[in-house]
Amino acid sequence: MRIVTFSNLKGGSAKTTSTLAVAAELARRGRAVLAVDLDPQATLTTSAGLEPGPAAASLLSGDGSPEDARAALVDASGGADLADGGALHVLPADRRLLRLERTAPVQLSRRLLSFIDVVEGNYDVAVVDTPPQASALVTAALASTDLVLVPVASGRGALDGLGDVVELTERFGTAPVTGAFVTRVNTSSLHDRELVEYVASQIAGPDGEPAIRAFVRETVRVREAEMARVPVPLYAPRSTAAQDYAALVDEVEVLLEQHGS
Ligand SMILES: Nc1ncnc2c1ncn2[C@@H]1O[C@H](COP(=O)(O)OP(=O)(O)OP(=O)(O)O)[C@@H](O)[C@H]1O
Ligand SMILES: [Mg+2]
């Protein structure tokens, strides 16, 4: 199993939308996917149609065992038509994660990885959603991962958080930033088209070419999927966002292979 962490210290950069969409698209293709919500806002949990819960906080505080966390996993596929072998399970979060801000990231990381050890055989991929702003939870996630993907939302200060994640991964991470991509793109805007090129060029793969070329267009379907509490690839599979996330997942699958999945 490989761990893919979505991070950007800038709020509202489509981390949660992207984590859930990539998870659902991989599941649709027949991968067994575990989505770990590490954000006290629990937006991934609720956007997947689930209720916030103490599982993530209990695990990371040490109050609950990795086996308890495994027992608290919830199916979020909602009866969707997944290819054989596909699964989408979520480790739910809630506001109790806020209490972990003063815990040492190494301790949080150790507990997260001991949980990963316990579920390793059951999943092909774990995706991790992280909160905005530097925190013990973000540092712990970056210190526990195989790949780091950075979504960048078009708009004011779009690039603010990307450099911060690059720096954090260099200082604390187990992997450098693997790829970055722009979301909420308006293809009729020259500025957005330049932003897409620029962000792609910032993070190269092993061949020196952009690790990710995909980008995600702005569409109301994303908000609708959020309100329906269903991941966008399952809610509106023909929407531009679902198509764009499918193109992104094509590239993520290559990156997973390069990182020894
Ligand atoms: N492709 C898109 N088209 C339209 N709206 C989008 C798109 N992607 C994300 N959004 C919207 O942008 C907002 C922020 O997205 P999201 O919650 O995924 O960001 P985030 O980085 O997880 O935020 P936070 O930092 O608070 O955790 C949401 O309201 C979401 O609906
Ligand atoms: Mg979020």
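Roughly to the nearest percent, how much of the accessible area of the chain is carbon and sulfur, given a 1.4 Å probe?
After summing per-atom areas, the C and S share lands at 47 percent.
Explain nothing, just the number: relative contact order of the chain, from Cα pairs under 8 Å at least 6 residues apart, as a whole percent.
25
Mind checking which of A236, A246, A180 has the largest fluctuation in a GNM of the chain, springs on alpha carbons under 10 Å?
Maximum among the listed residues: A236.
In nm, to one decimal, how far is the E224 label point from the R171 one, both placed 7 Å along Cα→Cβ?
That separation, rounded to one decimal, is 4.3 nm.
Hey, could you pull the Cα Rg and Dmax for the chain, both in Å?
16.7, 51
Give me, ordered by chain and number, the residues 5 or more places off A126 or on other chains with an amide H under 5 Å from its own placed amide H.
For A126, whose amide H was placed from the backbone, the distant partners under 5 Å are R2, I3, V4, L34.
Between the range 88-116 and the range 130-206, what's the alpha-carbon centroid distance in Å?
If we compute the Cα centre of each part, the gap is 21 Å.
So, for the range 54-123, what is the accessible surface per residue at a probe of 1.4 Å, expressed in square angstrom?
Working: 3670 Å² over 70 residues.
Spelled out: the 1.4 Å probe surface of the range 54-123, per residue, equals 52 Å².
Using per-residue counts of other Cβ atoms within 10 Å, averaged over each peptide, order 188-196, 45-53, 156-164 from highest down.
Packing proxy ranking, top to bottom: 45-53, 156-164, 188-196.
Report the full-extension gain for the segment A134 to D63: residue separation times 0.36 nm, less the Cα-Cα distance, to one decimal in nm.
Full extension of this stretch gives 23.2 nm more.
Per residue of the chain, what 222 nm ellipticity follows from adding -39500 (n - 2.57) for every DSSP H run with n ≥ 4, rounded to the nearest 500? All intermediate terms of the calculation are to be shown ahead of the outcome.
Working: 11 runs with 112 residues, N = 261.
Computed ellipticity for the chain at 222 nm equals -12500 deg cm²/dmol.
Label the range 124-261 by shape, choosing from rounded, prolate and oblate, from the square roots a ≥ b ≥ c of the eigenvalues of the Cα gyration tensor; if a/c is under 1.5 it is rounded, and otherwise prolate applies when a/b is larger than b/c, oblate when it is not.
On the way: a/c = 1.42, a/b = 1.30, b/c = 1.09.
Taking the square roots of the gyration eigenvalues as a ≥ b ≥ c, the range 124-261 is rounded.
The values are calculated or read from the model by the stated rules, or taken from the named source; none is laboratory data. Since this is a predicted model, take the numbers as computed values, not measurements. Cβ atoms come from the backbone with ideal geometry, glycine included; neighbour counts cover every protein chain shown. These area figures cover heavy atoms from the full protein model, side chains too; ligands, DNA and RNA do not enter into them. Shrake-Rupley method; radii C 1.70, N 1.55, O 1.52, S 1.80 Å.
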